[in-house]
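One structure is given here, and the rest of the page talks about it.
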Amino acid sequence: MDNYNNTRLIKAMKTTTLGLSINFLLAVFKFYAGIIGMSKAIIADAIHTLSDITTDIVVILGLRMVNKPIDKTHDYGHGKFETLITTMIALALLYVGIRIFDIGVFNVTKAIKGNLPPPAWIAFYAAVVSFITKECLYRYTLKVGGKINSQAIVANAWHHRSDAFSSLATMLGIAGAIVLGKFWRILDPISAILVSFLIIKIGISILLGSVNELLETSLSEEIEKRIMDIIVNTPGVKSSHNMKTRRIGNTIAVDIHINVDSNLNIVSAHDISTTVEKRIRDVFGKNTFVSIHLEPS
């Protein structure tokens, strides 16, 4: 493993392990507060945090595969494992969202029948602590994910953010249920339902992005234009065409045909090709896969 990938792995593992530890403590605290405080919303929130623990473990295991060097069975590296991890996180979010919705609807029915006990202040305090902690963890994880260009870490950051939103909605619902009286106890499970919609939305958004990558969708027009600008502005390149692009985990692959002066010898033509490769990698990372087909102009 080269120094870049080794540093990337260390930062990703450190961030995810921190998140795992915090999620474990929060889940225990919220389950305790939910049971003692008789709050269905905070228990649903605790279930969401448990899903964070699961995805943290998946990320930790998967990142070791992502950073394995190219081998005989993976000519383009193991970057797709990162896409697979992201897909699993998205599916976990969808499951949690649907489960929380189911629990919320059940408890709304109980509230309408007058069988839902009022939540206690400890549940509210647990939601406050969870919101502040998970929002901070989201910002930290997102920052690291952006720096090391990791889809899985960014997706995990959004999982933290969804938990923060979950805690915020739970906090407001519990406060309303306590302060406004018996009729308003329904706010507790309603807040859980609203949280479920948010989680499902985030899960679908992440899932669509990772599925597109698994289906080898081309890079965006904006990125392809940047690549083309780099190529045509390289000295010696007359024109270029037939560009094909795709994403492989945290890196990209580019296949392109370039036209050079037909009077050039093979060494000079090859030097131009090498310059194009270097310029693309300088912008998109040294692990970028670049395949160039030379054609006489």
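The values are calculated or read from the model by the stated rules, or taken from the named source; none is laboratory data. Predicted model, so just to flag it, every value in this text is computed and none were measured. Virtual Cβ from ideal backbone geometry, glycine too; neighbours counted across all protein chains shown. Side chains included, ligands, DNA and RNA excluded: accessible areas come from the protein's heavy atoms. Shrake-Rupley method; radii C 1.70, N 1.55, O 1.52, S 1.80 Å.
Please say if the range 94-215 is rounded, prolate or oblate, where rounded means a/c under 1.5 for a ≥ b ≥ c the square roots of the C-alpha gyration tensor eigenvalues, and otherwise the choice is prolate for a/b larger than b/c and oblate otherwise?
Oblate.
Name the residues whose placed amide hydrogens come within less than 5 Å of the amide hydrogen of Ile248, ignoring near sequence neighbours (fewer than 5 apart) on the same chain.
Those qualifying (amide H under 5 Å, at least 5 residues apart or on another chain) are Ala253.
Before I look further, what does the range 90-220 give for accessible area per residue, probe 1.4 Å, in whole square angstrom?
Here the per-residue accessible area is 47 Å².
Starting from the Cα-Cα distance between Asn263 and Met13, subtract it from 0.36 nm times their residue separation and give me the gain in nm to one decimal.
84.8 nm
Along the range 178-186, what does the Karplus equation 6.51 cos²θ - 1.76 cosθ + 1.60 (θ = phi - 60°) give for ³J(HN,Hα), rounded to whole Hz, x for Gly and Pro?
7, 6, 8, x, 4, 4, 8, 4, 5
Would you mind estimating how fast the range 225-297 diffuses translationally, via Stokes-Einstein at 4 °C and 1.567 mPa s with the Kirkwood radius over Cα pairs, in µm²/s?
Translational diffusion coefficient: 105 µm²/s.
Given Cβ point charges of +1 (Lys, Arg) and -1 (Asp, Glu) and nothing else, what value in debye, to the nearest 20, does the dipole of the range 179-297 about its Cα centre take?
580
Heavy atoms only, probe 1.4 Å: what % of the accessible area of the range 113-236 goes to carbon and sulfur, would you let me know?
67
Take the alpha-carbon centre of the range 97-126, take the same for the range 170-222, and report the distance between them in whole Å.
When both Cα centres are located, 16 Å separates them.
In debye, nearest 20, what is the charge dipole magnitude of the chain about its Cα centre with +1 on Lys and Arg Cβ and -1 on Asp and Glu Cβ, if you could check?
With Lys and Arg at +1 and Asp and Glu at -1, about 980 debye.
Put +1 on the Cβ of every Lys and Arg and -1 on every Asp and Glu Cβ in the chain; which of Ala192, Gly236, Gly34 then has its Cα farthest towards the positive end of the dipole?
After comparing all options, I get Gly34.
Through the Karplus equation 6.51 cos²θ - 1.76 cosθ + 1.60, θ set to phi - 60°, convert the phi angles of the range 148-164 into ³J(HN,Hα) values in whole Hz; use x for Gly and Pro.
9, 6, 10, 4, 5, 5, 5, 4, 5, 4, 5, 5, 4, 5, 5, 5, 5
Quick one: in the range 1-61, what % of C-alpha pairs are over 18 Å apart?
Here the tail beyond 18 Å accounts for 46 percent of pairs.
Rounding to the nearest 10 and keeping the result within 0 to 90°, find how far the Cα-based axis of helix 40-66 lies from the longest principal axis of the chain.
Helix 40-66 sits at roughly 20 degrees to that axis.
Starting at the first residue of the range 194-207, write each ³J(HN,Hα) from the Karplus equation 6.51 cos²θ - 1.76 cosθ + 1.60 with θ = phi - 60°, in whole Hz, x for Gly and Pro.
4, 4, 4, 4, 5, 5, 5, 4, 5, x, 5, 4, 5, 5
Quick query: amide H of Glu216 versus all other amide H atoms, modeled in the peptide plane; which residues come in under 5 Å with a sequence gap of 5 or more or a different chain?
Here the answer is none, since no amide H 5 or more places off falls under 5 Å of that of Glu216.
Could you give the length gained on full extension between Arg139 and Leu25, defined as 0.36 nm per residue of separation minus the Cα-Cα distance, in nm?
That pair, Arg139 and Leu25, stretches by 39.2 nm at full extension.
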